[in-house]
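Peer 1: I have a structure here, written as structure tokens, and I will follow up with some questions on it.
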Amino acid sequence: MDSAEIRNRFLRFFERHEHTIVPSASLIADDPTLLLVPAGMVPFKPYFLGEQTPPWRRATSVQKCVRTPDIDEVGKTTRHATFFQMAGNFSFGDYFKSLAIPLAWELLTGSVESGGYGFDGDRLWCTVYTDDDEAIEIWHEAAGVPLERIQRRGLADNYWHMGVPGPGGPCSEIYFDRGVEYGKEGGPIADEERYLEVWNLVFMQYELSAVRSKVDFDIRGELPAKNIDTGMGCERMAAILQGVDNIYEIDTTRMILDRATELSGVKYGADARRDISLRVVADHTRTAAMLIGDGVTPGNEGRGYVLRRIMRRVTRNMRLLGAPDETMHALIAAAIEAMAPQYPELREQSGRIHTVADAEEVAFLRTLRAGTTILDTAVAETKKAGASTLSGEAAFTLHDTYGFPIDLTLEMAAEQGIEVDRDEFRRLMNEQRAKGKADAKAKKTGHVDVSTYRDALSAAGKPVEFLGYTELVSEATVLGLIAGGLPVPAVSEGDDVEVVLDRTPFYAEGGGQLADTGRMVSSTGAQLTVRDVQTPVPGLVVHRATVVVGQLTVGEEVRAEVDVARRGAVSRSHTATHLVHRGLREALGETAAQAGSENSAGRFRFDFSSPTAVPTSVLHDVEARVNAVLIEDHPVIAEVMSQEEAKRSGAIAMFGEKYGDTVRVVSVGDYSRELCGGTHVARSGQLGLIKLLGESSIGAGVRRVEALVGVDAYQFLAREHALVSQLSDTIKARPEELPERINAVLTRLKDVEKELADLRAGQVLAAAGSLAAGATDLGGVAWVGAALPEGTRAEDLRTLALDVRGRIAADRPAVIAAAAPSGGRPAIVIATNDAARARGLKAGALVKVAAGVLGGGGGGKDDVAQGGGTDASRIDEALAAVAAAVGAAN
């Protein structure tokens, strides 16, 4: 049974049992506490917590998931994977243990012909939480499982939570006995390699607050209703039903593994160490394809770093297997081929996925080459110092600055007999991660405990109503006030506060659009300036404001007023972003997909996939096309429809953005159509003008266009026109002649500068004879110290010093120093002849004496050296110091 059939069979079974099939959400978690979706229940979390009312009492899904805490175990065991699919059935206060257990048993043991998986019930074992007698009774009485095949386990094994505050509860797991050849007797508690977990039924009853570890957490209280959350790992189920030993050999990963063996020439199953590398490649390549498909791009923080790390592990393991440098394209193609039967959109996005993956591989190969050189140098210095351990700081710098993987550092250092200070490296990494997490949460949560926001939403009783598509001023009721991270009953003049209203015209930051600003006026006369609006948890909008007059209390009525001018400018930017997106796709192809954006007042930036820079001529064409759309004055229309309807209409979705069952589609005439929750103008003509300022790279395979809109674009062009007019008047040329005329002027200027430099050099060298003739005798050493005028080039100083040295008799010790200021900074060159060096007078040592006075440094060989500094006023003092050092040496 292939993986696609396993997935479909699960969904069809629960659909027959009155469950609504819910499509998999994006891997990008819509939750400030998570980077990526780690479990099948995550999209349903607001329903379990009572933050939102579920649209169904029963649901079923096969959710894409990514977990990386055990990334180092991937390939080494039969169970660990970074990407996996979690099939689940969910009850939101509808049914509990008494139905969840029989349903799981029916699907597992039902015949293949009847839609089940056909398991032999005698090979299934169950575990329950330590004191869950009720679950034991249901397994035994309703499912017929013998008591000897039901085992009790503690918190570590049979209590489920996400590792962060949220829902949780005891669970019951189902295991398949693979047979005596896989391990010892005794059930799951004896051997989890032989007894393979295939299903976990979570009896979700509690809300957890502080979660310190798997077994150490606090329970805030019971959830509003008892719920069911189950998870059946599709990969593990496939391993059993396809008769393979591990999840790396099932159809969706074996296809990638086989491609890796073709590329590397390494046979799978011949060498244990190489088998691990092949399994890592297969698992990580599939994960990379799925992450890029959902809009994640490689980066140095957050989910971007997760993707970058697993892609680099793929490249590194392919190199260890002896494969040629560039293999990512072929591996990703295999991953898309393997997963497309379940996720057809991967084929549609294949061009974009390849663009991002190929660019990241090329960049990392450069990193590998550069990092290897740096590591070799660090190892050599460590050995030279007589040490046997490379500092953790050096390893961290390689990792953080150059992107060199720590596991590769460890391996390559070990090959040269050097250890790495792992403790110091981990400390530095933990410090960086802690700071990164704090920074990432600060924007959305303002450093407030997320549970405070959940309490505020619970107190509100329903999601905050957004009125901003049609209203910019509205009356509302204050449902909550948060100050200093805690709920408060009232705030006074000067206080910073987060205000929760029952309804709001303020747009909360999202989808690339910056938040509205404005003000609130209460019924009692309090006035607040609103400076930011965020959605820290789904359904809750908080207005970050400062009280400027009076006192505001919970329960008061307020008049919420959006800054109309700023909203209009931001909306123009957002509509312009859609047009530029469409224009870039027309010019570069559909692979130029959105990778991020920011729409602010009068300007925007738009990030998109592209393996190379966009030619200026193409940008000009895009700019001309989108401005033509403005002149055509198309209507901008927002429609709400189902996801299927939106897809059929040709609407573009931003990869990674979370969309509900119904979506909002924004169209600009027939030119642009996108899924979008932001605010827009009514007609394209209201944008006035779009001016693209240029494009640049922001990462491997990702480019950024920055632009101005409306009045800002006009003012920019007006300044440009004024500048061109001034240049035309100055140079006495028509505007279209300016490039050629200015180029001619610059060429002539360079020629003149060269002539002047040559003239100065001739003047400097002309003094060589008189300087040699006037050498001072310092204890038998001919000393020449020459201070030359501003602008003398360093190379001329060197030529002069060598010329003077050559004019002094070879048997007479000689030290020549030539110095000059250049741009306010001093430079000095010192030369010594053979006779002087025989007396111990070395140019490299003497130049350091001078540089010390000048406030800088220097160095070179014994016969000639160069230095500099920061204080040109001390050149004479520096020459005197060198003369004193020469005299003291004799």
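The values are calculated or read from the model by the stated rules, or taken from the named source; none is laboratory data. In this text the structure is predicted, and so the values were computed from the model without any measurement. Cβ atoms come from the backbone with ideal geometry, glycine included; neighbour counts cover every protein chain shown. Side chains included, ligands, DNA and RNA excluded: accessible areas come from the protein's heavy atoms. Shrake-Rupley method; radii C 1.70, N 1.55, O 1.52, S 1.80 Å.
Peer 1: Rounding to the nearest 20 debye, state how big the charge dipole of the chain is about its Cα centre with +1 on each Lys and Arg Cβ and -1 on each Asp and Glu Cβ. Kindly include the intermediate steps, with their values, before the conclusion.
Peer 2: Working: 97 positive and 124 negative charges, 495 e Å.
The calculated dipole for the chain is roughly 2380 debye.
Peer 1: Using only the Cα atoms of the chain, what are the Rg and Dmax in Å?
Peer 2: 35.3, 115
Peer 1: Right, another one. At a 10 angstrom cut-off on C-beta neighbours, averaged per residue, how do the peptides 740-747, 497-504 rank from highest to lowest?
Peer 2: Working: 740-747: 11.2, 497-504: 22.9.
Output ranking for 740-747, 497-504: 497-504, 740-747.
Peer 1: For a 24 Å ceiling on Cα separation, which of these pairs sit above it: Lys45/Lys214; Lys384/Lys842; Lys750/Lys861; Lys76/Lys383; Lys45/Lys97?
Peer 2: On the way: Lys45/Lys214 19 Å; Lys384/Lys842 26 Å; Lys750/Lys861 33 Å; Lys76/Lys383 33 Å; Lys45/Lys97 19 Å.
In this structure, Lys384/Lys842; Lys750/Lys861; Lys76/Lys383 lie more than 24 Å apart at Cα.
Peer 1: A further question follows. Take each of the peptides 197-206, 146-155, 256-265, average the number of other beta-carbon atoms within 10 Å over its residues, and list them starting from the highest. Mind dumping the intermediate values first?
Peer 2: On the way: 197-206: 22.9, 146-155: 14.9, 256-265: 19.8.
Going by the mean number of other Cβ atoms within 10 Å, highest first, we get 197-206, 256-265, 146-155.
Peer 1: Follow-up question, since we're still on this one. How charged is the neighbourhood of Gly669? Take every other residue with its Cβ under 10 Å from the Cβ of Gly669, and add Lys/Arg as +1 and Asp/Glu as -1.
Peer 2: Values: positive: Arg673, Arg683; negative: Glu632, Asp633, Asp670.
Within the 10 Å Cβ shell, the charges total -1.
Peer 1: Note down the nm distance, to one decimal, between modelled labels 7 Å out along Cα→Cβ at Arg741 and at Val473.
Peer 2: Simple spin-label model gives 5.4 nm for this pair.
Peer 1: How much length is gained on full extension from Ser617 to Val112, taking 0.36 nm per residue of separation minus their Cα-Cα distance? Walk me through the numbers before you get to the answer.
Peer 2: Working: separation 505, 0.36 × 505 = 181.80 nm, distance 6.05 nm.
Extending this stretch completely gives an extra 175.8 nm.
Peer 1: In Å², what does the accessible area per residue of the chain work out to with a 1.4 Å probe?
Peer 2: Accessible area per residue, the chain: 43 Å².
Peer 1: For the chain, take the longest principal axis of its alpha carbons; what is the angle in degrees between that and the long axis of helix 450-460, to the nearest 10 within 0 to 90?
Peer 2: In the chain, helix 450-460 runs at an angle near 50 degrees to the longest axis.
Peer 1: Give me the one-decimal Kirkwood hydrodynamic radius in Å for segment 201-326, with the sum taken over alpha-carbon pairs.
Peer 2: Working: mean 1/r = 0.0574 Å⁻¹.
Its Kirkwood hydrodynamic radius stands at 17.4 Å.
Peer 1: Sticking with this one: Tabulate in residue order the Karplus-calculated ³J(HN,Hα) for segment 309-317, using 6.51 cos²θ - 1.76 cosθ + 1.60 with θ = phi - 60°, rounded to whole Hz; enter x for Gly and Pro.
Peer 2: Ordered by residue, 3J(HN,Hα) equals 4, 6, 5, 5, 5, 4, 4, 4, 5 Hz.
Peer 1: Now a separate question. So how much accessible area does Met255 have, in Å² to the nearest 10, using a 1.4 Å probe?
Peer 2: 70 Å²
Peer 1: How much mean residue ellipticity at 222 nm does the chain get from its helices, if each DSSP H run of length 4 or more adds -39500 (n - 2.57) and you divide by all residues, to the nearest 500 deg cm²/dmol? Let's see the in-between values first.
Peer 2: Working: 26 runs with 363 residues, N = 890.
Theoretical 222 nm ellipticity from helices: -13000 deg cm²/dmol.
Peer 1: Please compute the length gained on full extension between Ser458 and Asn300, using 0.36 nm multiplied by the number of residues separating them and subtracting their Cα-Cα distance.
Peer 2: Full extension of this stretch gives 53.3 nm more.
Peer 1: Based on alpha-carbon centroids, what's the gap between segment 530-547 and segment 206-261 in Å, whole number please?
Peer 2: One Cα centre to the other: 35 Å.
Peer 1: Can you give the angle from 0 to 90° between the axis of helix 406-415 and the longest principal axis of the chain, with both taken from C-alpha atoms, to the nearest 10?
Peer 2: Here the helix axis deviates by roughly 60 degrees.
Peer 1: Using alpha-carbon positions, what is the distance between the centroids of segment 782-828 and segment 71-101, in Å?
Peer 2: Here the answer is 78 Å between Cα centres.
Peer 1: Hey, another quick one. If you average the C-alpha positions of segment 126-140 and of segment 717-769 separately, how far apart do those two centres end up, in angstrom?
Peer 2: When both Cα centres are located, 88 Å separates them.
Peer 1: Given the Cα-Cα distance of Thr730 and Thr870 and 0.36 nm per residue of separation, how much length would full extension add, in nm?
Peer 2: Values: separation 140, 0.36 × 140 = 50.40 nm, distance 3.72 nm.
Answer, rounded to one decimal: 46.7 nm.
Peer 1: Taking the Cα centre as origin and putting +1 on Lys and Arg beta-carbons and -1 on Asp and Glu beta-carbons, what dipole magnitude results for segment 587-626, to the nearest 20 debye? All intermediate terms of the calculation are to be shown ahead of the outcome.
Peer 2: On the way: 3 positive and 5 negative charges, 21 e Å.
For segment 587-626, the charge dipole is close to 100 debye.
Peer 1: Helix 350-384: angle to the longest alpha-carbon principal axis of the chain, degrees 0 to 90, nearest 10?
Peer 2: 50 degrees
Peer 1: Can you order the peptides 624-632, 537-545, 299-307 by their average number of other Cβ atoms within 10 Å per residue, highest first? Don't skip to the answer; put the middle values down first.
Peer 2: Numbers: 624-632: 16.8, 537-545: 22.7, 299-307: 18.3.
Going from most to least packed, we get 537-545, 299-307, 624-632.
Peer 1: Same structure again: Compute the signed sum of charges (Lys and Arg +1, Asp and Glu -1) over the other residues within less than 14 Å, Cβ to Cβ, of Asn743.
Peer 2: Working: positive: Arg741, Arg748, Lys750; negative: Glu736, Glu737, Glu740, Asp751.
Local charge sum for Asn743: -1.
Peer 1: Residues of segment 664-706 with backbone nitrogen within less than 19 Å of a virtual label 7 Å along the Cα-to-Cβ line of Asp325, please, listed as ranges.
Peer 2: Answer for this model: 700-701.
Peer 1: Sticking with this one: Rounded to the nearest 5, what % of DSSP beta bridges with both residues in the chain are antiparallel?
Peer 2: Numbers: 128 of 146 bridges.
So the antiparallel bridges in the chain amount to around 90 percent.
Peer 1: Once amide H atoms are placed 1.01 Å from N in the peptide plane, what residues at a sequence separation of 5 or more from Gln551, or on another chain, have their amide H within under 5 Å of its amide H?
Peer 2: Ala526
Peer 1: Give me, ordered by chain and number, the residues 5 or more places off Lys842 or on other chains with an amide H under 5 Å from its own placed amide H.
Peer 2: Placed amide hydrogens put nothing under 5 Å from Lys842.
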